[in-house]
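The values are calculated or read from the model by the stated rules, or taken from the named source; none is laboratory data. Only a predicted model underlies this, so the values are computations on that prediction, with no experimental measurement involved. Methodologically, a virtual Cβ is constructed for each residue, glycine included, from the backbone with ideal geometry; neighbour enumeration extends over all protein chains shown. These area figures cover heavy atoms from the full protein model, side chains too; ligands, DNA and RNA do not enter into them. Shrake-Rupley method; radii C 1.70, N 1.55, O 1.52, S 1.80 Å.
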Amino acid sequence: MPTVLVAGAAVQDFIYRFDAAPARGTKGRAKDFASIGGGSGANAAVAVVRLGGKGQVLAPLGDDLIGEMIIQGLVKEGVDTSKVLRIPGRASPVCSAIVDGDGERTILTWHPPHVAPPEIDDADALVADVDAVLTDDRYPTIAIPLLEAAKRKGIPGVLDGDRAEGDAPQMLQAASHVVFGTPGLRGTSGISDPIKGLKAMHGVTDAFLAVTLGSGGVLWLDGDVVRRMQSFPVHAVDTLGAGDVFHGSFALALAEGKSEPEALRFASAVSAIKCSRFGGRAGVPNRDEVTGFLIGQPIDPSMGYGVVPAQ
């Protein structure tokens with residue numbers, strides 16, 4: 001049972017489901033609602049646990065009621081919260097999400113403004129008891145030291161590159177694996193075409209490089225060739241947290257010794273199942289569900305995992 005340390009955002013989600021989102025300046029009654037913990041780091045850690053791994057979370061939180069709600073939600077899921085940073089006098093972040101009839105989510109977040117970036121004291125000690133590290137790109141002062149410590153230990157250090165503003169080269173170079181979201185790759189590379197964007201990033205870092213494209217599947221760089229793995233067809237009900245879940249399951253698969261294509265296929269299946277269920281991370285499947293889902297899914301034996309060249 002590998003242990004994955006996930007560092008990044010942990011928030012409290014308030015999720016509203018509409019057939020069609022209300023127009024500006026009007027009122028609307030949601031057809032469904034959920035209040036549940038969320039955030040890229042916290043969601044990924046929950047995915048690790050539900051899939052049979054040990055998940056630890058490192059996230060900066062305030063000492064307020066919202067922070068306590070977030071922690072208790074993680075503890076209930078079986079996530080180790082002993083490395084959470086509780087910052088006295090700081091407010092904890094919240095998120096509201098509107099999910100429409102197609103399952104697409106619109107996210108509104110609030111994080112405490114004008115606060116000093118969180119820092120960690122001993123990155124090597126924090127990774128001493130883990131088999132893989134996953135960080136998002138919200139807190140570089142946390143991500144870079146942990147990814148560098150993972151590299152020194154010789155374990156996977158995965159970066160979730162999702163910020164539309166882009167990521168600094170130092171963060172990309174510290175990781176062993178970078179899996180971008182589409183906005184993150186565009187913002188970091190300055191290139192709208194994802195194939196060209198991945199190739200451009202190859203000149204910045206020697207990390208394994210991939211980008212998720214939602215229903216368009218996932219692309220990754222294999223030497224000089226960009227390969228594509230198609231997404232699994234599902235009826236999308238709620239895409240909130242799908243990328244977070246993808247990254248968590250990808251990191252766990254690497255910690256289990258799977259190859260990158262195997263890990264991408266596993267993560268794609270987990271994310272697809274999650275999208276078919278409402279409620280943010282409440283829709284994360286367990287390992288048996290994923291195993292059953294993958295039975296009978298087509299695999300191209302010539303390429304290994306349903307993979308085709310992207311160009």
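Note on region 140-177 and region 90-111: Cα centroid distance 25 Å, given to the nearest whole angstrom. Only helices enter this figure: runs of n ≥ 4 DSSP H residues, each worth -39500 (n - 2.57), summed and divided by the residues of the chain, yield -9500 deg cm²/dmol at 222 nm to the nearest 500. With Cα atoms defining each centre, region 215-232 and region 1-59 are spaced 26 Å apart in the structure.
DSSP beta bridges in the chain, what fraction antiparallel, as a percent rounded to 5? Present the calculation step by step, with values, prior to reporting the outcome.
Details: 24 of 56 bridges.
Expressed as a percentage, antiparallel bridges in the chain total about 45.
The residues of region 71-128 present an accessible area of 59 Å² per residue when probed at 1.4 Å with all protein chains retained. Taking a ≥ b ≥ c as the square roots of the eigenvalues of the Cα gyration tensor, region 54-103 is oblate, since a/c reaches 1.5 or more and a/b is not larger than b/c. Highest mobility in the GNM of the chain, judged by mean-square fluctuation with C-alpha springs under 10 Å and restricted to Ala269, Ala116, Ala132, is found for Ala116.
How high is the FRET efficiency from Val225 to Asp288, r the C-beta distance, R0 41 Å, rounded to 0.05? Mind showing how you got there, number by number?
Numbers: r = 35 Å, r/R0 = 0.85.
Computed FRET efficiency for Val225 and Asp288 comes out at 0.75.
Each residue of region 130-140 was assigned a 3J(HN,Hα) from its phi angle through the Karplus expression (A = 6.51, B = -1.76, C = 1.60, θ = phi - 60°), giving 10, 10, 7, 10, 10, 10, 8, 10, 6, 10, x Hz with x at Gly and Pro. Heavy atoms of the protein chains alone define the surface here; on that basis region 213-275 has 31 Å² accessible area per residue at 1.4 Å probe size. Its relative contact order, with pairs defined as Cα atoms under 8 Å and 6+ residues apart, puts the chain at 18 percent.
At a 10 angstrom cut-off on C-beta neighbours, averaged per residue, how do the peptides 207-219, 229-241, 93-105 rank from highest to lowest? Kindly include the intermediate steps, with their values, before the conclusion.
Values: 207-219: 21.2, 229-241: 19.5, 93-105: 18.0.
Answer by packing, highest mean first, reads 207-219, 229-241, 93-105.
Using the Cα centre of the chain as origin and beta-carbon charges of +1 (Lys, Arg) and -1 (Asp, Glu), tell me which of Gly89, Val204, Ile191 is placed farthest towards the positive end of the dipole. Value: Ile191.
Taking a ≥ b ≥ c as the square roots of the eigenvalues of the Cα gyration tensor, region 1-120 is oblate, since a/c reaches 1.5 or more and a/b is not larger than b/c.
Once you've got the Cα coordinates, tell me which of Lys83/Lys151; Lys54/Lys274; Lys153/Lys196; Lys153/Lys199; Lys196/Lys258; Lys76/Lys153 are over 24 Å apart. Exceeds cut-off: Lys153/Lys196; Lys153/Lys199; Lys196/Lys258; Lys76/Lys153.
First check a/c for the chain, with a ≥ b ≥ c the square roots of the eigenvalues of its C-alpha gyration tensor; if it is under 1.5, answer rounded, and if not, answer prolate when a/b is larger than b/c or oblate otherwise.
Details: a/c = 1.40, a/b = 1.10, b/c = 1.27.
Cα axes put the chain in the rounded bin.
For region 250-263, 3J(HN,Hα) computed residue by residue from phi via the Karplus equation (6.51, -1.76, 1.60; θ = phi - 60°) reads 5, 5, 4, 4, 5, 5, 7, x, 6, 6, 4, x, 4, 5 Hz, glycine and proline entered as x.
Could you look at region 1-52 and say what percent of its accessible area is carbon and sulfur, using a 1.4 Å probe and all protein chains? Intermediate values should be presented prior to the final figure.
Details: 1150 of 2310 Å².
Answer for region 1-52: carbon and sulfur cover 50 percent of the accessible area.
Ligands, DNA and RNA left out, the 1.4 Å accessible surface of region 187-297 is 50% carbon and sulfur atoms.
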